[in-house]
1. Would you mind checking which residues have amide H under 5 Å from Ile156's amide H? H placed 1.01 Å from N; only 5 or more apart, or other chain.
2. Tell me what the chain gives for mean residue ellipticity at 222 nm when only DSSP H runs of n ≥ 4 count, each as -39,500 (n - 2.57), the sum divided by the residue total, rounded to 500 deg cm²/dmol.
3. With θ taken as phi - 60° and the coefficients 6.51, -1.76 and 1.60, list the Karplus ³J(HN,Hα) couplings across segment 73-85 in order, rounded to whole Hz; mark glycine and proline as x.
4. Does segment 310-448 come out rounded, prolate or oblate by the C-alpha gyration tensor, with a ≥ b ≥ c the root eigenvalues, rounded set by a/c under 1.5 and, if not, prolate when a/b is larger than b/c and oblate if not?
5. Reachable aspartates and glutamates from Lys59, Cα under 17 Å, same-chain residues fewer than 8 places away excluded?
6. For Gln406 and Ala549, what is the calculated FRET efficiency with R₀ set at 22 Å and r taken between the beta-carbons, to the nearest 0.05?
7. Any chance you could list P(r) for segment 79-125, counting all Cα-Cα pairs in 5 angstrom bins from zero, rounded to whole %?
8. Can you run the Rg to Rh ratio on the chain? Use alpha carbon positions and the Kirkwood inverse-distance Rh.
Amino acid sequence: MADSPFTTILFQLNEDGMKIQTGLTSIKGVGEKTAGLFARLHITNVGELLEHYPRDYEKMEAPVSVSALTPGRVCAVKAAVIGTPQITRVRSLVIANVQAGDATGLFRITFFGMPYIRSILKPGSVHIFRGLCQSGNEGKAKGRSAAASPGAAPVIRMEQPAIFSVADYSAVQDTLQPKYALTKGLTNRLMTRTVHAALEELDSLQEFLPEELRKEYGLIPWREAVRKIHCPGDIKELADARRRLSFNEFLAFFLGLSRLKNENQVRKVAQVLHRVPDTDRLLEKLPYRLTGAQLRVWAQIEEDMSRDVAMNRLVQGDVGSGKTILAFLALLMCAANGRQGCLMAPTEVLAAQHFEALSGLCKEQDLCIRPVLLTGSTPAREKKRIYQAISEGEYNVIVGTHALIQEKVEYRDLSLVVTDEQHRFGVRQRECLADKGEGTHVLVMSATPIPRTLAIVLYGDLNVSILDEMPVGRLPIKNCVVGTSWRPKAYSFIADQVRAGHQAYVICPMVEEGEMEGLENVQDYAKKLEAALPKEIRVGILHGRMKPAQKNEIMEEFSAGEMDVLVSTTVIEVGINVPNATVMMVENAERFGLAQLHQLRGRVGRGNAQSYCIFISSNENEEVMKRLKILNTSNDGFFIANEDLKLRGPGDLAGVRQSGELDFKIGDIYRDSDLLLKANALAEQIVSGDPEKKKPEFAALYRWEEENGNSVDFRSI
């Protein structure tokens with residue numbers, strides 16, 4: 001093995017063919033404390049570090065004059081500090097305001113939670129300020145004072161700009177600088193320096209695609225792609241690197257999926273299920289009529305479940321399109337045949353909601369279903385009792401979370417597996433649950449509105465049914481897409497809705513300060529919002545790093561009306577149903593895929609009152625706003641997804657990996673749809689042409705597949 005500053009070399013294969021990855025502490029400058037910060041981002045070795053791709057890139061353009069600052073654009077400006085920063089406190093939030101300027105004019109700068117800024121911004125000191133420019137002549141949110149200097153108020157303002165010395169900015173001017181997802185205590189500078197140290201060892205990374213295939217698909221070498229994704233010389237190099245790494249992800253997924261399809265083409269059921277009058281009676285007694293789309297899809301499910309081979313069906317439909325009642329009908333058919341069925345949801349709150357809804361329906365309609373709820377937080381003694389009751393057949397419908405696939409859970413005669421919010425589970429997770437029975441029927445449900453052309457490929461082992469009608473009587477949500485200068489008006493609107501007895505969500509892309517510069521985070525935003533809203537309005541926070549019990553408690557408090565505004569990450573995308581919530585406000589909306597924004601919007605409009613969705617974009621570029629305004633024109637998720645597919649092509653590099661609908665690290669199914677289809681075709685060609693993995697030209701590819709195969713388990717598809 002070559003000499004290296006690492007104890008072992010990234011991606012180098014030992015004689016047994018296993019990947020060896022060194023710990024981070026062998027990188028110069030990374031001690032145990034710093035390694036602990038990286039661990040918070042699930043980075044524990046060099047391989048994981050180099051797969052922690054930048055979330056965005058900044059073109060460090062030359063500084064402009066104050067008079068050239070443009071609202072809605074990120075600009076750098078060389079300016080002198082005018083006066084001393086003025087500190088105010090609103091509840092627990094410290095706000096600092098100061099003016100800066102040059103010979104062409106003045107602008108106002110606001111910092112939140114930075115009382116020490118007075119020691120940095122001395123009167124007359126000159127700095128480069130870089131940040132999002134906003135119009136300063138809009139009404140100010142409560143708690144924000146004007147700048148201290150007399151005279152007319154500046155017409156441009158910046159919030160939380162980055163501060164550089166003139167020399168430091170000159171060193172990075174005209175370059176593409178990577179911006180990484182971070183955690184508190186870990187700076188972008190430290191992340192970049194550590195990545196650069198790891199990149200020095202890339203000579204050991206082995207190419208696995210034959211050269212003729214790389215040329216056919218227009219792909220650069222893997223080693224080159226890893227280097228350029230972190231250190232691109234220009235936009236073209238960045239595009240080439242992202243294309244290759246996206247192709248790797250798609251290929252790993254489709255190789256696993258193709259092999260899975262070959263294994264599961266025909267699975268004979270243990271017992272053929274028969275159509276039962278119980279389902280017809282339930283349909284007659286429901287207080288509403290199923291839509292034509294629901295009846296069509298139910299007929300497909302019923303026919304599948306009546307055959308002697310196992311069903312593999314995906315039901316796609318918007319939030320509120322009526323997927324749940326179809327799942328209940330399938331579970332009822334299973335129970336009426338004397339068999340067991342289970343329903344797995346991605347969150348405990350959603351599982352509990354399904355259990356309560358099913359239990360209520362059983363009681364009202366006197367169904368033959370005997371349901372039980374099983375989640376990770378079920379007490380140990382109760383779990384033991386439930387395990388035994390399930391194995392003995394006392395319960396014929398089991399509702400829960402990942403707890404349903406634990407080894408201790410043994411089903412007596414499982415015949416049907418339903419997974420809700422399918423995009424939150426990996427292929428292997430679904431298969432693991434199906435393997436709890438013999439020839440088990442599989443019904444998966446997803447509210448992710450993926451265009452049919454892509455769904456057929458991504459869900460290649462499933463038959464696809466689409467619910468393309470909404471139940472009558474639902475008020476369409478009113479939408480608006482605005483820039484950051486509209487925040488004060490949005491806050492005022494939220495306050496009015498709360499006074500009217502309703503509730504609101506505010507979505508931020510980040511959890512805490514330091515994760516990503518220039519993006520709103522839940523913890524700081526909640527403080528700003530409390531300062532801007534009347535003090536009687538109760539503001540809570542929710543994010544994915546909380547423990548499940550804490551998340552459940554907050555969701556339950558919000559559902560019970562014990563808080564008025566919930567500031568959250570996208571963790572609320574699934575698993576919370578609050579009919580009283582009438583406002584959804586999304587910050588940094590440009591960072592999300594349209595389909596995900598549409599799903600977030602689905603959290604409101606669930607009651608009888610008119611609901612509203614406010615999308616705030618910190619980037620007011622014409623193309624960005626055009627894309628977001630598709631949400632103004634339609635509440636149809638499939639229309640939105642197809643429009644997103646048209647607008648986002650391979651050249652869209654506004655963020656290497658947007659918060660998206662499916663959990664690929666770098667690939668984007670909309671922007672990279674051409675790559676997606678090519679990777680699928682190649683995977684099918686390889687698997688069908690060499691099922692035993694014996695062709696020598698693919699030996700390196702098969703070694704790579706073995707190393708990366710486990711990643712398929714965690715792909716949220």
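The values are calculated or read from the model by the stated rules, or taken from the named source; none is laboratory data. The structure displayed is predicted, hence computed values, not measured ones. Positions of Cβ are backbone-derived with ideal geometry, glycine not excepted, and every protein chain shown enters the neighbour counts. When the accessible area is computed, the model is the full protein with side chains, heavy atoms only, and any ligands, DNA or RNA have been set aside. Shrake-Rupley method; radii C 1.70, N 1.55, O 1.52, S 1.80 Å.
1. Under 5 Å from the amide H of Ile156: Arg108, Gly136.
2. Working: 24 runs with 256 residues, N = 717.
Per the formula, -10500 deg cm²/dmol.
3. Per-residue couplings from phi come out as 10, 7, 10, 10, 9, 8, 8, 9, 6, 9, x, 9, x Hz.
4. On the way: a/c = 1.29, a/b = 1.17, b/c = 1.10.
Cα axes put segment 310-448 in the rounded bin.
5. Asp168, Asp174, Asp234, Glu237, Glu517, Glu620, Asp652
6. Numbers: r = 18 Å, r/R0 = 0.83.
Using R0 = 22 Å, I get an efficiency of 0.75.
7. Going from the shortest bin to the longest, the percentages are 5, 24, 30, 20, 12, 6, 2, 0.
8. Numbers: Rg = 27.3 Å, Rh = 27.8 Å.
Ratio of gyration radius to Kirkwood radius for the chain: 0.98.
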